[in-house]
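Everything below concerns the one structure shown next.
The values are calculated or read from the model by the stated rules, or taken from the named source; none is laboratory data. Since the model is a prediction, treat every value here as computed from it, not as a measurement. Note: ideal-geometry Cβ built from the backbone for every residue, glycine included; neighbour counts use all protein chains shown.
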Amino acid sequence: MSDQTEEPAAPRSSRAALLIATSTYADPAFNPLAAPESEAKGLAEVLGDPEIGGFDVQTVVNQPAHLVMRAIEQHLTGRNPDDFALIHISCHGVKDADGQLYFAATDTDRSLLASSTVSARFLVDQLDRSRARTILTLVDCCYSGAFMAGVRGTHDLHLGEQLLPKTPGRGRVVITASDAVQYAWDGDGEGGEGQLGGFTAALIHGLRTGEADQDKDGQISVQELFDHVTEKLQELRTNQQQPRKWEFGVRGTIWIARAPHRFEPWSPLESRILVADDDRDIVRFVEVNLRLEGLEVITAHDGQDALTKALDLQPNLILLDVMMPRMDGYEVCTKLRADERSAHIPVIMLTAKSLSADKVQGLTVGADDYIIKPFDPMELVARIKSTLERVHTYKAWGAQHP
């Protein structure tokens with residue numbers, strides 16, 4: 001027997017991502033958000049893809065504050081120095097009278113922020129305690145900083161400064177959707193809603209398509225991803241949506257993913273889409289994802305407006321919600337099919353009504369497809385592309401066989 005003992009193996013470095021998404025809230029002061037839950041699924045797919053991100057991904061979706069905090073601490077505790085830890089947070093963000101930032105959870109009470117939210121200070125403390133030398137924090141918050149009627153204004157919130165490391169020399173990058181809070185409420189006595197401007201959708205798009213690989217070397221750096229998102233949001237002309245990036249103690253290039261280069265850019269010949277839904281957050285969410293794919297988007301927020309725009313503007317496809325004021329989606333679809341000006345336009349029902357009878361009713365009145373909320377934006381885009389390509393193929397065949 002040898003007296004020599006084997007040296008312990010060096011710990012393997014790992015890539016771990018924690019995605020926190022909160023779409024629903026018990027406190028009526030917070031409006032539900034369409035994007036976080038759906039986008040967490042899409043981001044998990046690209047980050048977890050071994051050919052793209054290669055991360056071990058954990059998602060925490062619609063959970064109370066104490067479980068979110070536990071997930072953050074578990075994610076960052078016990079890391080090795082060579083690990084790459086990523087955190088993505090998408091939810092309502094609020095600040096107190098002192099300007100301190102808090103991330104809202106499902107059980108957040110607007111009047112009890114300190115005890116019912118995840119504070120930015122808590123996140124900073126966990127980042128400082130982690131041994132991982134490479135940490136990327138992505139924050140996509142819809143800021144709702146005031147809850148009184150009739151407010152219209154803008155307040156600066158320097159989130160990056162709140163996430164500064166207490167201990168110098170750490171390699172840390174913080175990217176935020178914006179450093180500003182926008183209120184756009186009119187004095188109607190109703191709660192306000194913030195502007196979710198497509199930050200996470202642009203992240204997913206850049207990673208999934210490989211477009212973020214700006215120098216075409218087969219890898220996507222954090223800087224390239226940031227530049228891609230910034231450019232896409234500028235193309236979308238998103239209000240008050242200027243992403244910010246802070247680097248602390250970073251040396252060299254941080255690579256977040258490999259570029260798949262397996263998705264060819266899609267150039268639709270016919271690309272005007274009418275999105276009709278009375279939920280403006282859902283309309284904005286759909287609009288951002290469609291415009292990232294190069295589609296032109298028209299919006300309507302009630303059934304009568306949808307019918308009028310369909311007849312006047314002749315879109316190439318209509319996404320139609322069922323439950324809308326003035327005229328529901330079933331009636332709109334029935335009228336579209338009865339009018340020779342619009343009978344040919346494909347219709348996809350986009351609704352929360354998931355019973356088989358509801359689907360049958362939608363298809364009976366002339367819908368071409370049916371998508372249930374909450375939905376995967378990648379699936380939605382795929383179905384739209386498939387429908388448009390099918391219509392184009394049919395028209396081409398008809399032109400050759402009159």
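Residues checked against (1) at pLDDT 85 or above; (2) closer than 23 Å to D321 by Cβ; (3) under 20 Å from the mean Cα position of the chain (by Cα):
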site	(1), (2), (3)
F199	yes, no, yes
D217	yes, no, no
I220	yes, no, yes
N239	no, no, yes
W255	yes, no, no
Residue hits (segment 277-324; assigned to a helix (DSSP H, G or I), surrounded by fewer than 24 Cβ atoms within 10 Å (Cβ to Cβ) and touching a Ser or Thr at 6+ places or on another chain (Cβ under 8 Å)) are V283, E287, L311
Can you find a residue in segment 299-319 that is on the phi > 0 side of the Ramachandran plot and at pLDDT below 95?
yes
Give the residues of segment 6-21 that are within 20 Å of T59 (Cα to Cα) and modelled with pLDDT under 95, sorted by residue number.
S14, R15
Can you tell me how many residues in segment 47-58 are surrounded by fewer than 18 Cβ atoms within 10 Å (Cβ to Cβ) and not small (G, A, S)?
5
Looking only at segment 346-402, and only at residues there that are part of a strand (DSSP E or B) and among the β-branched types (V, I, T), the one that is modelled with the lowest pLDDT
T351
Scan segment 94-142 for residues that are touching a helix residue (DSSP H, G or I) at 6+ places or on another chain (Cβ under 6 Å), farther than 17 Å from E73 by Cα and crowded, with 20+ Cβ neighbours inside 10 Å and jot them down.
L101, T108, D140
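For (1) without any contact (Cβ under 8 Å) to a residue 60 or more places away in the chain; (2) part of a strand (DSSP E or B); (3) under 22 Å from S178 (Cα atoms); (4) over 16 Å from the mean Cα position of the chain (by Cα), each residue gets a yes or a no:
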position: L33; (1), (2), (3), (4): no, no, yes, no
position: E37; (1), (2), (3), (4): no, no, yes, no
position: V46; (1), (2), (3), (4): no, no, no, no
position: Q63; (1), (2), (3), (4): yes, no, no, yes
position: L67; (1), (2), (3), (4): yes, no, no, yes
position: A71; (1), (2), (3), (4): yes, no, no, yes
position: S90; (1), (2), (3), (4): no, yes, yes, no
position: A97; (1), (2), (3), (4): yes, no, yes, yes
Return the only residue of D3, D98 being farther than 30 Å from V250 by Cβ and at pLDDT below 95.
D3
